[in-house]
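The values are calculated or read from the model by the stated rules, or taken from the named source; none is laboratory data. The structure displayed is predicted, hence computed values, not measured ones. Cβ placement follows ideal geometry from the backbone for every residue including glycine, while neighbour counts extend to all protein chains displayed.
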Amino acid sequence: MKKNDKISYRSRRALRIGGSDGSSTLLLATKSGCSLPVKRLLAKEKTEGSIPFTRSFFMGQKLKLLIDTDIGGEVEDAMALTLVVASSEAEVVGVTTVTGDTNFRAHVAKKILSLLGRKEVPVIPGIGNPKTMRGWEYNAFLDENEKIEVKSQITASDFIIESLSRNPKETTLVGIGPLTNIAKALDKDPSIVNKVKRLVLMGGIIKPPIFKGKQIPRGFEYNFCNDSLSAEKVLKAGFPLELLPGDITFHQRDPWPPEELVKLKRINHPAVKLLMRVNDIWMVEMRKNVDKAKLPLNFVQPWINDTLLMVYLLKPEFFETKEKVFKWQLPDKYPRFVESNNGIRMKVITKANYRATRKFLLKTFQKLSS
Ligand SMILES: [Ca+2]
């Protein structure tokens, strides 16, 4: 939609655009149809409080998101979930958890949703093995003596299949963890490839970025490396695919500048307070990983990755993308993407406006406490 375009609509509808000064404008459309200059509407959109309503009215329904996540480790998945739930432009239809102790992860997702007043959102533990958990994760999200209680009558893969089949082409499946659950769903019902609206993934590294003169090791990308066979299966299946590769995450030079992190820490909302607690613990854990990888110590940063993907869904104008075709190669345990004339077709995020992303995140989280 461009500024000089016109919006035309033919059903009988009324739209009231509210202003922060209490004023409002009623716009009417009749069966005979009419059109309004978008420029005028966009000017109205700048008025605080009217953005989600006007956007959802003209751009269609809210974004329906089904999120498959390894929430419960670093803060990122929880922050990503908080963002989309806090945003009035998205509707989370369900959360499935993957890798490690998926019951624990489902409990964390439930906890975040409850703190945000959305405990009715279904959360389904998926495929994983508790023995592969790293341990410290239990201390970060849970309070002392907090019991993990998650029950589900359905498996995560069946939940994915059912959700996509109930509303074909309406739901965006978002993968911000290893792709084990999605690969399982694909095994059971290959037709989900045509039922999903978009499959949007965080994972892979296309060209290892350099940080402070050192190349980021491929193993720092976790999602595709953790279960590369499932990743290969899902990527090659023919989904309408969009990818945020780890390159873009690691191109951030100053992921959360201290003065902005302080503003996040000042937000008086239990969900954000929990995120900040986990972030502080994660920084200590990350220092150990960075020591092990012999990377510069200033690599210990609150990197924005899964959350960046959610911002892409909500604010695509902050990003640049390119249609690309890749061949998948697995010469060792770390996958490679080689550009090719035929292979896996996808839309790849190539650039991000990190500053705008952080500003949007901060504003959305601040609204939680107002
Ligand atoms: Ca994740």
In region 92-107, which residues are away from the ligand (no atom under 15 Å from the Cβ) and touching a helix residue (DSSP H, G or I) at 6+ places or on another chain (Cβ under 7 Å)?
Val92, Val93, Gly94
Six or more apart or on different chains, Cβ under 7 Å: which pairs go from a residue in region 305-334 that's acidic (Asp, Glu) to one that's within 16 Å of the ligand (Cβ to nearest atom)? Could you list them?
Asp306/Glu76; Asp306/Asp77; Asp306/Ala80; Asp306/Ile176; Asp306/Met202
Which one of these is within 18 Å of Ile112 (Cα to Cα) and either among the small types (Gly, Ala, Ser) or touching a Ser or Thr at 6+ places or on another chain (Cβ under 6 Å) (or both): Asn268, Asn305?
Asn268
Identity of the residue in region 309-358, aliphatic (A, V, I, L, M) and out of contact with any Phe, Trp or Tyr (no Cβ under 8 Å at 6 or more places or on another chain), that ends up farthest from Asp70 (Cα to Cα)
Val325
Restricting to region 326-370, name every residue that is of a type in the set (Val, Ile, Thr) and either exposed (fewer than 14 other Cβ atoms within 10 Å of the Cβ) or outside the structural domain of Ala231 (by TED's automatic domain parsing) (or both).
Val338
I need the helices (runs of 4 or more DSSP H) fully contained in region 125-210, keeping only those with at least 1 residues that are within 15 Å of the ligand (Cβ to nearest atom) and without any contact (Cβ under 8 Å) to a residue 24 or more places away in the chain.
none
Within region 276-296, does at least one residue satisfy the condition of being in contact (Cβ under 8 Å) with a residue 12 or more places away in the chain, part of a strand (DSSP E or B) and not hydroxyl-bearing (Ser, Thr, Tyr)?
no
Do we find a residue being part of a loop (DSSP other than H, G, I, E, B), touching a residue at least 24 places away in the same chain (Cβ under 8 Å), more than 14 Å from the ligand (Cβ to nearest atom) and within 12 Å of Pro125 (Cβ to Cβ) anywhere in region 72-91?
no
Identify the residue in region 211-232 that is in a strand (DSSP E or B) and not basic (Lys, Arg) and, among all such residues, is farthest from the chain's Cα centre (by Cα).
Gln215
Just checking, which of Arg166, Arg134 is at pLDDT 90 or above and farther than 16 Å from Val95 by Cβ?
Arg166
